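K.L.:
Dropping the structure in here first, questions after.
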Amino acid sequence: MTGPSPSSPPVARLVELSREEALGLLAGVPMGRVGFTHQALPVIRPVNHLVTDTGDVVIRTHAGAALLTSATASEVVVYEADHIDGDTHTGWSVMVTGIASRVTDPTTLSRYHAELTPWVSRDTEYVVRIDAELVTGYRLERSRPGITDRCPRTTG
């Protein structure tokens, strides 16, 4: 066989993104998923966000939210957003890992309330900021003949 058949899915390769490019892509989408630990188990919740000038991710939440417990304890969380085209197998994925903390400064809180409108019909008076300590991102690009995947291999 000389190559993929016409019915084969397109072949993509992973390309690692710079911190700046990853944060730019993240800032360009309105929502993602926050992952944290609740009662010793992993939890993932969809939320809308904004990205600060320093790359931190800001989200709003409600009283009693499990994430608020993590933020109060200053625990490490992860925030992920992506845009993947299922037909072309291209797109990108970005993850921001860092400590979540509740925003309590009245001026900052007021600014985030004005800038970040919640998508849910629930009172989301609390604001959580995730420090962008580790930013990773990958772009899925169509492979060109003779080009191999240059992304470092990881397991897991």
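Read-outs: derived from the displayed coordinates by stated rules, not from any lab. Bear in mind that the values here come from a model prediction, so they are computed numbers and not experimental data. No Cβ is skipped: glycine too gets one built from the backbone with ideal geometry, and neighbour counts run over all protein chains shown.
K.L.:
Can you give the local net charge around Leu134? Use residues other than it whose beta-carbon is closer than 14 angstrom to its beta-carbon, Lys and Arg +1, Asp and Glu -1.
P.N.:
Neighbourhood net charge equals -4.
K.L.:
In percent, how large is the relative contact order of region 18-136, given Cα pairs closer than 8 Å and 6 or more residues apart?
P.N.:
Once divided by the residue count of region 18-136, the mean separation gives 30 percent.
K.L.:
Give me the tail of P(r) for region 18-136 as a percent: Cα-Cα pairs with distance above 25 Å.
P.N.:
19 percent
K.L.:
So how much slack lies between Asp87 and Thr69, counting 0.36 nm per residue of separation and subtracting their Cα-Cα distance, in nm?
P.N.:
Additional length available on full extension: 2.6 nm.
K.L.:
Grab the other residues whose beta carbon is less than 13 angstrom from that of Asp53, score K and R as +1, D and E as -1, and report the net.
P.N.:
After counting each charged neighbour, the total is -1.
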